[in-house]
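Take a look at the structure set out below.
The values are calculated or read from the model by the stated rules, or taken from the named source; none is laboratory data. Because the structure is a prediction, the values reported are computed rather than measured. Here the Cβ positions follow ideal geometry from the backbone for every residue, glycine too, while neighbour counts run over all protein chains shown.
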Amino acid sequence: MLFNSFEFLLFFPLVLFVFAFSGRWKWLVLLIASYAFYMSWKWEYILLILGSTMVDYACARGMEASSTEKQKKGFLGISLFANLGLLISFKYLDFFISSVNTVTNSDFALSELILPVGISFYTFQTMSYSIDVYHRRAKVEKHFGRFALFVSFFPQLVAGPIERAKDLMHQLRNDLQFKSVYLIPAGKLFLWGLFKKVVIADRLAMIVDPIYSDPASYNGGALAFASILFAVQIYCDFSGYVDMALGIARCFNVKLSQNFRSPYFAHSISNFWHRWHITLSQWFRDYVYIPLGGNRGVKWRWYYNLFITFLVSGLWHGANWTFVVWGAIHGGFIVIEKMLPKRNVSPWVSIPITGLVVCFAWIFFRADTLNDAFSVISGLAHFGSLQDFFQDLLQTGISKLNVLLSLMFMSVLFIKDAWSNWNWPRPHFYLRAFYYSFLFFSVVMFATDNASPFIYFQF
């Protein structure tokens, strides 16, 4: 069930109506809704969430009752083993088997398990709870139902943000309520996210997907254009989902974490990761980078910790060597940034350079295989003429009108992000009214025909 689907248009008002009149059982309404939401994809996989929930609930209670450090570590180990076991079995097992087959020329059979939607997100959220309980950074939740809701809260279940217990649990325990005053700010967030997804991201996919499905058939101009457009597509697709999730959660008086902050106005790769998928960056910082040693000790060890953290982050995004290379590119450039002396560089220089590095790395993220990625990179050296570029665009099947609409809507995105990045004054009421009217009109008139899944659902 997608946020931008007709089914969700029926599902959400019903949930909100029942929630508004459910008294002290609001948590139960949201828990049932969350399970129904997840089961709309494949009902059997709710068993994985239930299993993860029961294990982590029991382990946290066990840690609370433990009289020795050894017992606490034992319960933490069970929690991590269970969650990582699920993640590895469903997401990485076939990747490891196929890699072994390639290296050793073997023929081990693949498991061919279907990847459950959102498994990377909810396993990371529950693992953070167990680790925080172990380190006494989070209180143990004794109400099983509310803990189950923390694991499965449907607005952020399948693609984040990845919430911490200290930020979300108390809201689900104490703050759940319905007030009509929440609907307007929630609607604004949802509308902006919906605009980014169905008007910008899905339209850009009409150019990006054909080119990246057969990169050898296109000249460098089209490949460069598609790579830049993919940077915008994935941003609008992912941040669009998050904005919709924030808006939906706001209807229940739940404030989810901000996950994006004008990332393409970053002035360095380090700064980019303070603006892009913020909750995941913080997760890897707290649960991978710092336990590895962080920036303590000699410099080479600091650089090693940074690079390994980004390699793991790349692998988190997908069971493919393309994602590992993508993570290595970001990790390598961050290490280079740390090694170079700090200098004051004009943002008119640093922002475009950062954007080029990010766009280059996105080539590996988007390509289906390493061979496809290298085909794109080698193709960039053969730009051809302007006429070749336009012929390549027409070859994708997209109309000239949709190309012009894409550029126009991207300009709206740029202005909005620039406004946020530089903290320009709040616009006049009439300008805000025009802006939201424009978004609504654009969604109604220019949304693409088919509701495509969000890109990050596959992670």
Just to be sure before I move on: is R261 basic (K, R), surrounded by 17 or more Cβ atoms within 10 Å (Cβ to Cβ) and outside any helix (DSSP H, G or I) in the structure I sent?
no
With F153, F108, F147 as the choices, which residue is assigned by TED's automatic domain parsing to the domain that holds L28 and modelled with pLDDT under 95?
F108
Can you say whether L115 is of a type outside the set (D, E, K, R) and either touching a strand residue (DSSP E or B) at 6+ places or on another chain (Cβ under 8 Å) or not in a helix (DSSP H, G or I) (or both), as far as the supplied structure shows?
yes
Pairs, first in the same structural domain as G118 (by TED's automatic domain parsing) in the range 36-52, second surrounded by fewer than 18 Cβ atoms within 10 Å (Cβ to Cβ) and of a type in the set (D, E), C-beta under 8 Å, six or more apart:
S40/E7
Among helices (runs of 4 or more DSSP H) lying entirely in the range 144-202, which contain 2 or more residues that are under 25 Å from F124 (Cα atoms) and of a type in the set (F, W, Y)?
144-152
Working carefully through the options W302, W316, find the one that is more than 18 Å from F272 (Cβ to Cβ) and either surrounded by 19 or more Cβ atoms within 10 Å (Cβ to Cβ) or not charged (D, E, K, R) (or both).
W302
Tally up the residues in the range 262-321 that are at positive phi and among the hydroxyl-bearing types (S, T, Y), please.
1
Out of the residues in the range 56-71 that are of a type outside the set (F, W, Y) and surrounded by 20 or more Cβ atoms within 10 Å (Cβ to Cβ), which is nearest to H317 (Cα to Cα)?
D56
Any idea which residue in the range 12-24 is surrounded by the fewest Cβ atoms within 10 Å (Cβ to Cβ), counting only those that are out of contact with any helix residue (DSSP H, G or I) (no Cβ under 9 Å at 6 or more places or on another chain) and of a type in the set (F, W, Y)?
F21
Which of the residues that make up the range 327-356 are more than 20 Å from R301 (Cα to Cα) and part of a helix (DSSP H, G or I)?
P347, W348, V349, S350, I351, P352, I353, T354, G355, L356
State whether one or more residues within the range 89-100 are hydroxyl-bearing (S, T, Y), modelled with pLDDT of 95 or more, assigned to a helix (DSSP H, G or I) and on the phi < 0 side of the Ramachandran plot.
no
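Residues checked against (1) in a loop (DSSP other than H, G, I, E, B); (2) farther than 15 Å from S217 by Cα; (3) at pLDDT 90 or above:
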site: H382; (1), (2), (3): yes, no, no
site: F389; (1), (2), (3): no, no, no
site: L393; (1), (2), (3): no, no, no
site: G397; (1), (2), (3): yes, no, no
site: V403; (1), (2), (3): no, yes, no
site: S406; (1), (2), (3): no, yes, yes
site: S411; (1), (2), (3): no, yes, yes
site: I415; (1), (2), (3): no, yes, yes
site: W419; (1), (2), (3): no, yes, yes
